[in-house]
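> There's a structure below that I have some questions on.
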Amino acid sequence: MEKFKEILVCVIGATPQIITETIYALANKNPPVYIDEIFIITTSTGKKQIENTLIKKGILKQLLKEYKLPSLDIKTSSIIVIKDKNDKEIDDIRDSFQSEATADTIISLIRELTKDPSARLHCSLAGGRKTMGFYLGSAMELFGRPWDKLYHVLVSSEFESNPEFFYKPKKEKFIQCRLSDGSKVEISTEKAEIELIELPFIKLSGKIKLYGNTFTELIEETQSEINFALIQPFINIKLKERKISIGTTIFSMNPMLIALYATILKQKILCTENKSCLGCDECYISLTNLTEKPLIDEFADFYAKAYKPNIVDIEEIKYKLEKRISPYTLRSYITKINNHISRVISDETLASLYKIKSIRRYGATTYGVSIDKRKIKIE
């Protein structure tokens, strides 16, 4: 396996220390992770803090040199300052409009970065306002891949947010720290602990097709997809009985129709795409495919089971289907199947999940069903 391009994503407020503490903690993991590129989402105030400390004072370069870490630059494009609806940089998150702008900035970056399969994201939600951490975690749930990581960084309370502490130096230093009772005392950096906590998160990427642009649109869309998936009743095809049950609704079809329906549903079951079936059409097939091997054999097997099991000649059925079944005939059968479903399921939105639908793809018309493959059983 080729090495990932390791990308660090941080949300930062007025504590740029989070950046160096995370780089330090990742480099001290087992195995270590060395960052190739960094992106920082922050406010105009946070940007100044980063420039004054990590760049102008050279604290980032100092860390890299001291621990012999690979070169890493904070470029102009590395710092993403949140902007309001008037395209003006915000200096803090004080109202719902600024909060919304923060959400959209974070979601946009994570969505873009996760398009690169060779990149692995290391996202730290330790910095900035709590809402920034929430939005970063949510963005990872929507777009994070199995190999992407989400972290929180824990620093000894005496050194946490201390303007003089950016990482644990190799050579001991004494730093003035404020204790919980308000008193100040100099404490050795030898006592400092930086712990990187990897946070598990739900990964929806590839399982739901998302089209929204804003954070709010994406959340509403995701919730709708989840709700829709949960309400889908199971469909059970009993070929020998020529019975179809959708939830508690049971109805019959003749052998030819139920065999065709079962053949199309079987393609859904066999689909290997690791994503939500809603909106996915990878298992859809053309009518020409249905008149050729291997699907015509499957069609014939299902027809034999539904017609007269153990009596009919399978090879004879296959021969007749190959010779007599045309795309035109199949289209008429599909119309009849869909009419059956419409008659027994009055809710058209629900019925649409089980009806055979067509789409144009690669210059051809293909056919399939929307129902989730885990909801299908053929006996």
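> Within 15 Å, Cβ to Cβ, of Ser44, how many net charges do the neighbouring residues add up to if Lys/Arg are +1 and Asp/Glu are -1?
Values: positive: Lys47, Lys48, Lys83, Lys88, Arg94, Arg129; negative: Glu51, Asp84, Asp87, Glu89, Asp91, Asp92.
Taking every Cβ under 15 Å from that of Ser44, the sum is 0.
> Just need the Rg to Rh number for segment 15-81, please, alpha carbons only, Kirkwood Rh. Walk me through the numbers before you get to the answer.
Numbers: Rg = 11.7 Å, Rh = 12.2 Å.
Checking Rg against Rh, the ratio lands at 0.95.
> Using the beta-carbon distance between Ala364 and Lys293 and R0 = 30 Å, what value does 1/(1 + (r/R0)^6) give for FRET efficiency, to the nearest 0.05?
Details: r = 18 Å, r/R0 = 0.61.
Efficiency for this residue pair is about 0.95.
> Taking Rh as the Kirkwood radius, which is the inverse of the mean 1/r over Cα pairs, what is the Rg/Rh value for segment 233-378?
My calculation of the ratio gives 0.94.
> To continue, here is another question. Please report, for the Cα atoms of segment 336-379, the Rg to one decimal and the Dmax as a whole number; what are they, in angstrom?
Cα radius of gyration and Dmax of segment 336-379 are 11.9, 34 Å respectively.
> From Cα coordinates alone, what are the radius of gyration and Dmax values for segment 73-187 in angstrom?
Rg and Dmax of segment 73-187, Cα atoms, are 17.5, 50 Å.
> Let me ask something else about it. Take every DSSP beta bridge with both residues inside the chain and express the antiparallel ones as a percent of the total, to the nearest 5.
Details: 26 of 46 bridges.
Around 55 percent antiparallel, to the nearest 5.
> Just to be sure I understand the curve: with the Debye formula and one point per C-alpha of the chain, what is log10 I(q)/I(0) at q = 0.13 Å⁻¹?
-0.99
> Could you give log10 I(q)/I(0) at q = 0.14 Å⁻¹ for segment 5-225, computed by the Debye formula over C-alpha point scatterers of equal weight, without solvent?
-0.87
> Another question about this same structure. In nm, what is the difference between 0.36 nm times the number of residues separating Ser96 and Lys29 and their Cα-Cα distance? Write out the running numbers ahead of the final one.
Details: separation 67, 0.36 × 67 = 24.12 nm, distance 3.78 nm.
Extra length available between Ser96 and Lys29 comes to 20.3 nm.
> Straight-line reach from Lys238: which aspartates and glutamates have a Cα under 12 Å away, not including same-chain ones fewer than 8 places off?
Here the aspartates and glutamates satisfying the reach criterion relative to Lys238 are Glu379.
> Next up: For a quick protection proxy, order the peptides 186-192, 346-352, 371-377 by their average other-Cβ count within 10 Å, most packed first. Walk me through the intermediate numbers first.
Details: 186-192: 14.3, 346-352: 12.0, 371-377: 17.3.
Packing order, densest peptide first, comes out as 371-377, 186-192, 346-352.
> Next question. For the chain, what does -39500 (n - 2.57) per DSSP helix run (n ≥ 4), summed and divided by total residues, give at 222 nm, in deg cm²/dmol to the nearest 500?
Helices in the chain give a 222 nm mean residue ellipticity of -11500 deg cm²/dmol.
> Here is a follow-up. Charges only on Cβ, +1 for Lys and Arg, -1 for Asp and Glu: so what's the dipole of the chain about the Cα centre, in debye to the nearest 20? It would help to have the intermediate numbers written out before the result.
Values: 57 positive and 50 negative charges, 268 e Å.
My answer is approximately 1280 debye.
> Next question. Could you quote the convex hull projected area for segment 192-296, Cα atoms only and averaged over all directions, in nm²? Mind dumping the intermediate values first?
Details: hull surface 47.0 nm².
Hull-based average projected area comes out at 11.7 nm².
> Which of the peptides 10-22, 357-369, 246-258 is most tightly packed, and how do the rest follow, judged by the mean count of other Cβ atoms within 10 Å per residue?
Numbers: 10-22: 24.5, 357-369: 14.2, 246-258: 16.0.
Ranking, from highest mean packing down: 10-22, 246-258, 357-369.
> Taking the beta-carbon count within 10 Å as an exposure proxy, list His122, His152 from fewest neighbours to most. Walk me through the intermediate numbers first.
Numbers: His122 24, His152 15.
By the 10 Å Cβ count, ascending, the order reads His152, His122.
> Continuing with the same structure: Cut-off under 16 Å on the C-alpha distance; same-chain residues fewer than 8 positions from Lys373 excluded. Which aspartates and glutamates are left, in chain and number order?
Leaving aside aspartates and glutamates fewer than 8 places away in the same chain, those within reach of Lys373 are Glu225, Glu273, Asp281, Glu282.
> Suppose R0 equals 30 Å. What FRET efficiency, 1/(1 + (r/R0)^6) with r the Cβ-Cβ distance, do Glu316 and Ser252 give to the nearest 0.05? Walk me through the numbers on the way to the answer.
Details: r = 25 Å, r/R0 = 0.82.
Approximately 0.75, to the nearest 0.05.
> Could you check the simple spin-label distance between Lys357 and Lys170, using points 7 Å along Cα→Cβ, in nm with one decimal?
Once both label points are built, they end up 6.2 nm from each other.
Values quoted throughout were computed directly from the atomic coordinates according to the rules given, and no laboratory measurement underlies them. Because the structure is a prediction, the values reported are computed rather than measured. Cβ atoms come from the backbone with ideal geometry, glycine included; neighbour counts cover every protein chain shown.
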